[in-house]
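Down below is the structure, laid out as structure tokens.
The values are calculated or read from the model by the stated rules, or taken from the named source; none is laboratory data. Treat the numbers as computed from the prediction; the structure is a model and nothing was measured. Cβ atoms come from the backbone with ideal geometry, glycine included; neighbour counts cover every protein chain shown.
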Ligand SMILES: [Mn+2]
């Protein structure tokens, strides 16, 4: 892989914007896949290809064609992980998780069905193709690490990366799938070899239970009792307001539990890290010179989001002028 990389954030079925962004970045379609002329640059897709938008199938086909052609690396997002879990019967392969109610590893509740419905609709009448797409999702790595950068869908956890590298589990194809997907959903350590924490940190990031009586509504109106955390700042002297990372929501400045205050974080001297997942709004800008979130809410319900990329050339201090984006249609 060359070191000239274009990182692209959450697409969520917004194919037209993806095509426009690739065009703006200079990629051209040839032999069925978008490629950079001369193969001089590579795309790294940061996950969340499906759900929400109306062109899920087109998006998946484009991402997959680039991955197969070697002009892109596609990472796994929490929506791809959720889809694999949603369609996987609990107990298949002998790993039944008691803590998960219902017949599948993701409960088929109203909110979880509602968020996935655009994907199912996109493959209506094409079930065999959808099953093949799930097989493609199994191959998507949880994170990517080179000498010059790191990338994942949500948060980079240095210890988690060590654990997964030692176990040689970088995607759901590195072992028996029924076993790995059960372990990835084993939140309460029903088995000794749970993979819940490393995998969920990469795909969903760290979250904290809110104090009794504190809740907020997310962009889709769902009441939340947990908040996402800024995993790149030293939590030692921070309160809930400082640490929470829920754009558009201000939480009270309560104390956070000791295990959160004493937790690990991604330091200022680490190599640049690229991710999506967090529903940022406005004009793309850097969080820090080694922390770059590329989810600018192209699928946001207000319709004023952007699909964003960062043009990376190996620099160890990132530069705000290297964002490229297109407006949501
Ligand atoms: Mn996400």
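State all residues of segment 123-168 that are touching a helix residue (DSSP H, G or I) at 6+ places or on another chain (Cβ under 7 Å) and under 22 Å from residue 68 (Cα atoms); if no residue qualifies, say none.
123, 133, 134, 136, 137, 138, 140, 142, 143, 145, 152, 153, listed by residue number.
Give the residue that is farthest from residue 94 (Cα to Cα), with candidates limited to residues of segment 168-199 that are without any contact (Cβ under 8 Å) to a residue 24 or more places away in the chain and assigned to a helix (DSSP H, G or I).
My answer is 196.
Please work out if residue 325 is buried (at least 19 other Cβ atoms within 10 Å of the Cβ), in contact (Cβ under 8 Å) with a residue 60 or more places away in the chain and either within 16 Å of the ligand (Cβ to nearest atom) or over 19 Å from the mean Cα position of the chain (by Cα) (or both).
no
Quick check on segment 242-258. Is at least one of its residues in contact with a strand residue (DSSP E or B) (Cβ under 9 Å, 6 or more places away or on another chain) and assigned to a strand (DSSP E or B)?
yes
One line per residue, one yes/no per condition, for (1) surrounded by fewer than 17 Cβ atoms within 10 Å (Cβ to Cβ); (2) over 29 Å from residue 297 (Cβ atoms):
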site: 166; (1), (2): yes, yes
site: 192; (1), (2): yes, yes
site: 200; (1), (2): no, no
site: 217; (1), (2): yes, no
site: 225; (1), (2): yes, no
site: 231; (1), (2): no, no
site: 244; (1), (2): no, no
site: 249; (1), (2): yes, no
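On the given criteria, is residue 81 in contact with a helix residue (DSSP H, G or I) (Cβ under 7 Å, 6 or more places away or on another chain) and within 15 Å of the ligand (Cβ to nearest atom)?
Answer is yes for this residue.
Being under 25 Å from residue 183 (Cβ atoms), in contact with a strand residue (DSSP E or B) (Cβ under 7 Å, 6 or more places away or on another chain) and either within 16 Å of the ligand (Cβ to nearest atom) or part of a loop (DSSP other than H, G, I, E, B) (or both) is true for just one of 274, 202. Which residue is that?
Sole residue among the options that is under 25 Å from residue 183 (Cβ atoms), in contact with a strand residue (DSSP E or B) (Cβ under 7 Å, 6 or more places away or on another chain) and either within 16 Å of the ligand (Cβ to nearest atom) or part of a loop (DSSP other than H, G, I, E, B) (or both): 202.
Output the number of the condition that residue 141 fails; it satisfies all remaining conditions of (1) within 16 Å of the ligand (Cβ to nearest atom); (2) in contact with a strand residue (DSSP E or B) (Cβ under 8 Å, 6 or more places away or on another chain); (3) touching a residue at least 60 places away in the same chain (Cβ under 8 Å); (4) closer than 20 Å to residue 268 by Cβ.
Every condition holds for residue 141 apart from (4).
Out of curiosity, is residue 300 within 16 Å of the ligand (Cβ to nearest atom) and crowded, with 21+ Cβ neighbours inside 10 Å?
For residue 300, the condition - within 16 Å of the ligand (Cβ to nearest atom) and crowded, with 21+ Cβ neighbours inside 10 Å - is not met.
Mind listing whichever residues of segment 294-311 are in a strand (DSSP E or B) and within 30 Å of residue 218 (Cβ to Cβ)?
Correct list: 295, 296, 297, 306, 307, 308, 309, 310.
Looking at residue 55, is it farther than 26 Å from residue 302 by Cα and in contact (Cβ under 8 Å) with a residue 40 or more places away in the chain?
no
Name the single residue, out of those in segment 29-77 being within 14 Å of the ligand (Cβ to nearest atom) and more than 14 Å from the chain's Cα centre (by Cα), that is surrounded by the most Cβ atoms within 10 Å (Cβ to Cβ).
Restricting to residues being within 14 Å of the ligand (Cβ to nearest atom) and more than 14 Å from the chain's Cα centre (by Cα), the top hit is 53.
Under 6 Å between Cβ atoms, at least 6 apart or on separate chains: pull out the pairs that start in segment 77-100 with a residue that is free of Cβ contacts under 8 Å to residues at least 60 places away in the same chain and closer than 24 Å to residue 294 by Cβ and end on any residue that is in a loop (DSSP other than H, G, I, E, B) and within 16 Å of the ligand (Cβ to nearest atom).
Within 6 Å, the pairs are 82/106.
Given the conditions (1) farther than 21 Å from residue 49 by Cβ; (2) touching a strand residue (DSSP E or B) at 6+ places or on another chain (Cβ under 7 Å); (3) at pLDDT 95 or above; (4) not in a loop (DSSP other than H, G, I, E, B), and given that residue 286 satisfies all but one, which numbered condition is not satisfied?
With respect to (1) farther than 21 Å from residue 49 by Cβ; (2) touching a strand residue (DSSP E or B) at 6+ places or on another chain (Cβ under 7 Å); (3) at pLDDT 95 or above; (4) not in a loop (DSSP other than H, G, I, E, B), residue 286 is out only on (4).
Table: residues versus (1) under 28 Å from residue 328 (Cβ atoms); (2) without any contact (Cβ under 8 Å) to a residue 60 or more places away in the chain.
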| position | (1), (2) |
| --- | --- |
| 265 | no, yes |
| 269 | no, yes |
| 275 | yes, no |
| 280 | yes, yes |
| 283 | yes, yes |
| 293 | yes, no |
| 298 | yes, no |
| 301 | yes, no |
| 307 | yes, no |
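So in segment 303-322, with the set limited to residues that are within 16 Å of the ligand (Cβ to nearest atom) and within 13 Å of residue 6 (Cα to Cα), which one is surrounded by the fewest Cβ atoms within 10 Å (Cβ to Cβ)?
308
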